[in-house]
Amino acid sequence: MTNYLREAPWDRRNFGMDTYEVTSPEEEALKETDETPGHFTLKVDPMVNKKPILEHGFFYADTLITPVCKKDQLVTFSENQFGITRDGSFDTIVSFSEGAFKMGRYHRDFHVKTETAEQRYINWLRDLYEADQVMFLTYEGEVAAYYAYQENSILLIGMDEKLRGKGLAKPLVSKACEVLFSYGHEELKTSVSAINFPSMQMFYSLGFKMKRAVDVYHKWNADVSDGV
């Protein structure tokens, strides 16, 4: 594999073809995607000239914002009805995930069927669950949400649909952030789609500061006329 194409095996299983992350918007890298079958993801600074990217068959998929929080900036809640447990089933994660990621870039990619986009998240969550990188968040003693992470990165959050919109997300996520900070991290970070206003507002209200942004482009050098 070259310096420009990095294999993404976690997506190969979802799309049934070779999948890559493109590490540079340079012309040589873009040409290599023309010569290699498969799916490609390219993340670039929003100020990069997009004309060559578009000329090589890429199309815009999303803009990702990076919220970051220092340990002393986290807004915490003292209510004792919120808690953390590792005792939860993968079936619970699946049930809490329905409709939770519809703003994601693969749900917005018109080549990807909705069920494939949903399965991609389920596969990712299974990996995290089996690696013991999922916390279950409780409200009044009942599991209400989950929080998947890797080191100091918050990756995926899902909540019981019947509890959404009741103001519980902030204290629940704050509690999970406290646990991650207790592991010795001085900073937490996550990644949020620019169109996911509720999520961005929640992280902002918890003390996260919006840092950098990247534009995300996809390319399919394969026959996906019937979708994947």
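Key figures
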{"item": "Debye-sum result for the range 37-101 in log10 I(q)/I(0), which assumes one identical scatterer on each alpha carbon, at q = 0.15, 0.19, 0.26 Å⁻¹", "result": "-0.89, -0.99, -1.17"}
{"item": "Computed magnitude of the charge dipole of the range 1-105 (debye, nearest 20; Cβ of K, R +1, Cβ of D, E -1)", "result": "320 debye"}
{"item": "Relative contact order [Cα under 8 Å, 6+ residues apart], the chain, whole percent", "result": "34 percent"}
{"item": "Difference of contour (0.36 nm per residue) and Cα-Cα distance, residue 80 to residue 183", "result": "35.0 nm"}
{"item": "Longest segment of the chain lacking GluC sites (Glu not before Pro) that sit in a DSSP loop with at most 16 other Cβ atoms within 10 Å", "result": "27-78"}
{"item": "Accessible area expressed per residue, the range 136-228, with surrounding protein chains retained (probe 1.4 Å, Å²)", "result": "48 Å²"}
{"item": "Student exercise, the chain dipole from Lys, Arg, Asp, Glu Cβ charges, in Debye to nearest 20", "result": "760 debye"}
{"item": "Fully extended contour minus Cα-Cα distance, from residue 205 to residue 110, at 0.36 nm per residue", "result": "30.9 nm"}
{"item": "Student exercise, the range 41-172 dipole from Lys, Arg, Asp, Glu Cβ charges, in Debye to nearest 20", "result": "600 debye"}
{"item": "Of 189/219; 50/189; 51/102; 31/70; 50/113; 162/219, pairs whose Cα-Cα distance is over 30 Å", "result": "31/70; 162/219"}
{"item": "Gain in span if fully extended, residue 98 to residue 195, counting 0.36 nm per residue against the direct Cα distance", "result": "33.1 nm"}
{"item": "Amide hydrogen neighbours beyond the local backbone of residue 164, cut-off 5 Å, H modeled", "result": "none"}
{"item": "Relative contact order for the range 112-209, counting Cα pairs under 8 Å that sit 6 or more residues apart, in percent", "result": "19 percent"}
{"item": "Per residue value of the accessible surface for the range 1-125 (all protein chains in place, 1.4 Å probe), Å²", "result": "54 Å²"}
{"item": "Value of [θ]222 nm, deg cm²/dmol, for the chain, DSSP H segments ≥ 4, -39500 (n - 2.57) each, nearest 500", "result": "-9000 deg cm²/dmol"}
{"item": "Accessible surface of the range 93-162, 1.4 Å probe, proportion on carbon and sulfur as whole %", "result": "44 percent"}
{"item": "Farthest toward positive dipole pole in the chain [+1 Lys/Arg, -1 Asp/Glu at C-beta], among 20, 47, 205", "result": "205"}
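The values are calculated or read from the model by the stated rules, or taken from the named source; none is laboratory data. All values derive from a computational prediction rather than experimental measurement. Quick reminder, even Gly has a Cβ in these numbers, built from the backbone with ideal geometry, and neighbours come from all protein chains shown. For the accessible areas, the whole protein counts, side chains as well, though only heavy atoms, and no ligand, DNA or RNA atoms are used. Shrake-Rupley method; radii C 1.70, N 1.55, O 1.52, S 1.80 Å.
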